[in-house]
Amino acid sequence: MDDGYKHPSHEKKMKFRINILGSKNGNIRWIVLITILAFVLSSSLSFVSSNLLGDVNIFFSILIVLVIVFIGIIFDIIGIAVTSADESPFHAMASRKYYGAKQAIRLIRNANKVSSFCNDVVGDICGVISGTASAFIVFKVSQSVGGIVAFLVELSFAGFVAALTIGGKAIGKTIAIENCDYIVYKVGVIAKFLTGRFGIKKKKRKHKNRQMTNKKFKQNGQKSDDRKTNKNKNKQNKKDTV
């Protein structure tokens, strides 16, 4: 591309290294885990929704579709809020021992995982299930009403579900960005309540803690030995001067 600038012959071009999967093994594990989780959740939720829609009437089936769309919008708001939130105010809240502040900090520090779970896994699964459920509802309507009416119902209901999903997520994005700290704190409060309710505790790494304590003891022992040798040298120097 000719930009009108004369590039000298000795000028070096910067080369950037592209890292797709990340440098840590934890990223690869997370990708595998989230893929398996998405498969399990999508298959189980589609099975449950199809059974529910087959047993209820059209009114309740439409209500189920709206609930699925609403769940996708809520999780999309949470994922965007976590990526947009700032960690610094939650440190002050954690120092004052606010309920759920530490969980909010963990959510922000793991923003990539939280956003991929909320936006990609739950959001996309809800979108797929709502689409299949709306098609199932249209099929039930077409069995009872045929002709042009069934065609109009198919177009209108499919467009309504798509517009509700896209419009709800668009409104949710603005709400999430403007109120990101508040949303993250409320999610942290819910996470704190659930972990306390079900007795979920953070695993303590005993082996690493023991290694750290042994290193500290060794360092303290070396420092004390160095101090003793320095004191002995100072005493000998004083005696020699006397």
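Tell me, what is the FRET efficiency for Phe198 and Asn57 to the nearest 0.05, using R0 = 30 angstrom and their Cβ-Cβ distance as r?
0.25
Among Leu107, Ser144, Gly72, which residue has its Cα positioned farthest towards the positive end of the charge dipole of the stretch 53-205, with +1 placed on the Cβ of Lys and Arg, -1 on the Cβ of Asp and Glu, and the dipole taken about the Cα centre?
Of Leu107, Ser144, Gly72, it is Leu107.
Label Thr174 and Asp124 with points 7 Å out from Cα along Cα→Cβ: what is the distance between them in nm?
About 2.8 nm, to one decimal.
No lab work stands behind these numbers, since they all come straight from the coordinates. Note that this is a predicted model, so its numbers are computed, not measured. Every residue, glycine among them, receives a Cβ derived from its backbone with ideal geometry; neighbour counts consider all protein chains shown.
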